[in-house]
Amino acid sequence: MNGRSAVLIPILAAFSLSAADPLKPAPPLRITLLGTGNPRPTPERSGPAILVEASTTPPTRILVDAGRGATERLFTIGKRDLLSSIDLVLLTHLHSDHVVGLPDLWLTGWLFGRSKPLVLRGPEGTASLMSHLEQAYGFDVKARRDVDERLPGAGADTDARDIPPETVFGVNGVKVTAFAVDHGPVKPAYGYRIDYAGKSVVFSGDTRYSENLIAHAKGCDVLVHEVVAVDVERRLSQMSPAATQRVIDHHTTPEDAGRVFATAKPKLAVYSHIVPSPTSARDLEGPTRKTYAGPLLVGEDLMVIEVGEKVDVGRAAGR
Ligand SMILES: [Zn+2]
Ligand SMILES: [Zn+2]
């Protein structure tokens, strides 16, 4: 961990901060924060994308959102084996920062070994988005399938479907629940809950304070929540005060996130999709502590959270 983590010590005292050991048996759930950022293109925080791996045989790999840099992050930690083996992509909503990495994941994943269709589920518009990407990238698919590399055609196919809120489905024995959250007038917007072997992780997606999120997150192991550092956003925003306020109103303040954590009581609360950049851990901890006293992690790209007997936080090690 780097020096900035010192800020987290009072909060994370209960957690081991060793890097994830690739030789250890895999825990039921392993969560890797690939991108903890927002639309601003900064190398420190990639766009929203989080990998969840369940210890099925073989492992089940679910990507929640595919923001900018998701493909680079996957390749950095797991080379072609990881990049080509994503079983399912869950989209929280169709704001560009959450989906702009999709063509890269789809096509580069195919080029680096995926031989089956890319499977996506998300709110209304997901299937349409993917079919338009297929149209847009038709040249590349045709060239690599029929002319240059002659890659297996199935790897260029997609299986993208819109799902209604409160959909529950399984993938290799891993349970996925989609539910509606409140991203203001930006509708539809989903959160997700993933359950496996008695362990669970819940993602808020983009939302302001949401009772439905709390209902789905009650007693989960890990709750990953978005957040907007209001003072920093006001200070750094280049938009009009009215537009800045609208952005703030469609996201969750640290005080409100703290209320969500205090009611849902996860074993570990995690901030990711941190608005704006740069926001420090200190900017978030003070206001969160007004409403929540439990375990809190201010996420950074490539942090790994292992959910087993206990919840461990480390750094992604190359595989
Ligand atoms: Zn959004
Ligand atoms: Zn967003």
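Of note:
- One residue from A20, A14 being under 21 Å from R319 (Cα atoms), part of a loop (DSSP other than H, G, I, E, B) and at pLDDT below 90: A20
- Qualifying position, being surrounded by fewer than 23 Cβ atoms within 10 Å (Cβ to Cβ), hydroxyl-bearing (S, T, Y), away from ligand 1 (no atom under 16 Å from the Cβ) and within 28 Å of P27 (Cα to Cα), among T108, T71, T76: T76
- The requirement of being within 16 Å of ligand 2 (Cβ to nearest atom), part of a loop (DSSP other than H, G, I, E, B) and aliphatic (A, V, I, L, M) is fulfilled nowhere in region 148-164; no residue meets it.
- Any hit, region 206-222, residues being of a type in the set (F, W, Y), in contact (Cβ under 8 Å) with a residue 12 or more places away in the chain and buried (at least 22 other Cβ atoms within 10 Å of the Cβ): no
- Among the conditions (1) touching a residue at least 40 places away in the same chain (Cβ under 8 Å); (2) more than 16 Å from ligand 2 (Cβ to nearest atom); (3) over 22 Å from T32 (Cα atoms); (4) surrounded by 18 or more Cβ atoms within 10 Å (Cβ to Cβ), the only one that P188 does not satisfy is (2).
- Scan of region 168-187 for residues that are farther than 14 Å from N212 by Cα and in contact with a strand residue (DSSP E or B) (Cβ under 8 Å, 6 or more places away or on another chain), ordered by number: V168, F169, G170, V171, N172, G173, V174, K175, V176
- Any pair with Cβ under 9 angstrom, 6 or more apart, that starts in region 91-102 at a residue that is without any contact (Cβ under 8 Å) to a residue 12 or more places away in the chain and ends at one that is within 9 Å of ligand 2 (Cβ to nearest atom) and part of a helix (DSSP H, G or I): none
- Condition met for S131 (surrounded by fewer than 17 Cβ atoms within 10 Å (Cβ to Cβ) and either under 14 Å from the mean Cα position of the chain (by Cα) or within 16 Å of ligand 2 (Cβ to nearest atom) (or both)): no
- Selection from region 36-92 of residues that are within 14 Å of ligand 2 (Cβ to nearest atom) and more than 15 Å from the chain's Cα centre (by Cα): R40, P41
- Among the residues of region 278-296, those identified as touching a Pro at 6+ places or on another chain (Cβ under 9 Å) and either closer than 23 Å to I50 by Cα or among the basic types (K, R) (or both) are D283, L284, E285, T288, R289, K290, G294, P295.
- Filter result for the condition that a residue is more than 15 Å from ligand 2 (Cβ to nearest atom) and within 21 Å of H95 (Cβ to Cβ), over S204, S240, S200, S272: S240
- Near pairs, Cβ below 8 angstrom, 6+ apart or cross-chain, from region 148-166 (at positive phi and of a type in the set (D, E, K, R)) to any residue that is at pLDDT 95 or above and assigned to a strand (DSSP E or B): E166/T177; E166/A178; E166/F179; E166/A180
- The one condition from (1) of a type in the set (V, I, T); (2) surrounded by fewer than 18 Cβ atoms within 10 Å (Cβ to Cβ); (3) closer than 22 Å to P39 by Cα that V99 does not meet is (2).
- With respect to the stated conditions, L120 is of a type outside the set (D, E, K, R), crowded, with 20+ Cβ neighbours inside 10 Å and closer than 23 Å to E166 by Cα.
- Helices (runs of 4 or more DSSP H) completely within region 193-265 that count 1 or more residues being within 19 Å of P123 (Cβ to Cβ) and within 16 Å of ligand 1 (Cβ to nearest atom): 211-217
The values are calculated or read from the model by the stated rules, or taken from the named source; none is laboratory data. All of these numbers come straight from a predicted model, not from anything done at the bench. Glycine gets a Cβ as well: all are built from the backbone with ideal geometry, and neighbour counts include every protein chain shown.
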